[in-house]
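Let me begin by presenting the structure, written as structure tokens, before commenting on it.
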Amino acid sequence: NANYIRVKLRDSYDIAYDGLCMHECIFSLKRQQKDHGVKAIDVAKRLMDFGIHPPTMYFPLIVSEALMIEPTETESLQTLNRFIQVMEQIAQEIVECPETVRNAPTATPVRKLDEATAARTPCLCWVPQPNMASQD
């Protein structure tokens, strides 16, 4: 499945390691970042607008602006083709309307988070909030 995706998306995204892969394919969005200001994390968040769980982000110190696509062997051809179609649509959006991708996600309950603040001050436990509706 990873090889199928790698071959189908090779015209839309740069392949970090082109050649037969075992279970994952890695794309680099370095060119999209340079040409259109769109980062790999923007593409991952745009996938959420289509109801697709974002892939693994970054491949630290090895591949700049990496997206690691790791489909399971049980994914149907229909699911793989839908993912490919969405990735191709995002590639087109990057060129024609990059702000759409940079501003993603837009269809989720929580919009884009401040990544730096979230990393520096993580909230690691749930704190119940008072129910505003039950106040007299």
- Query: Is it fair to say T117 is open to solvent by less than 90 Å² (accessible area, probe 1.4 Å), over 18 Å from the mean Cα position of the chain (by Cα), more than 24 Å from L9 (Cα to Cα) and modelled with pLDDT under 95?
  - Reply: yes
- Item | Single residue of T79, T74 found to be without any contact (Cβ under 8 Å) to a residue 12 or more places away in the chain and part of a loop (DSSP other than H, G, I, E, B) | T74
- Please go through the range 89-101 and pick out each residue that is of a type outside the set (S, T, N, Q) and open to solvent by 80 Å² or more (accessible area, probe 1.4 Å). V95, E96, E99
- Item | Near pairs, Cβ below 9 angstrom, 6+ apart or cross-chain, from the range 18-41 (touching a residue at least 40 places away in the same chain (Cβ under 8 Å) and acidic (D, E)) to any residue that is in a loop (DSSP other than H, G, I, E, B) and open to solvent by 50 Å² or more (accessible area, probe 1.4 Å) | E24/E70
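This table checks each residue for (1) of a type in the set (K, R); (2) in contact with a Leu (Cβ under 8 Å, 6 or more places away or on another chain).
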site: F27; (1), (2): no, yes
site: K45; (1), (2): yes, no
site: F50; (1), (2): no, no
site: M57; (1), (2): no, yes
- helices (runs of 4 or more DSSP H) contained in the range 1-58 and holding at least 1 residues open to solvent by 20 Å² or more (accessible area, probe 1.4 Å), under 13 Å from I90 (Cα atoms) and not aromatic (F, W, Y): 30-36, 40-49
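The values are calculated or read from the model by the stated rules, or taken from the named source; none is laboratory data. Note that the structure is predicted; figures quoted are calculated from it, not measured. Backbone-built Cβ (ideal geometry, glycine too); neighbour counts: all protein chains shown. Heavy atoms of the whole protein, side chains included, go into the accessibility calculation; ligands, DNA and RNA do not. Shrake-Rupley method; radii C 1.70, N 1.55, O 1.52, S 1.80 Å.
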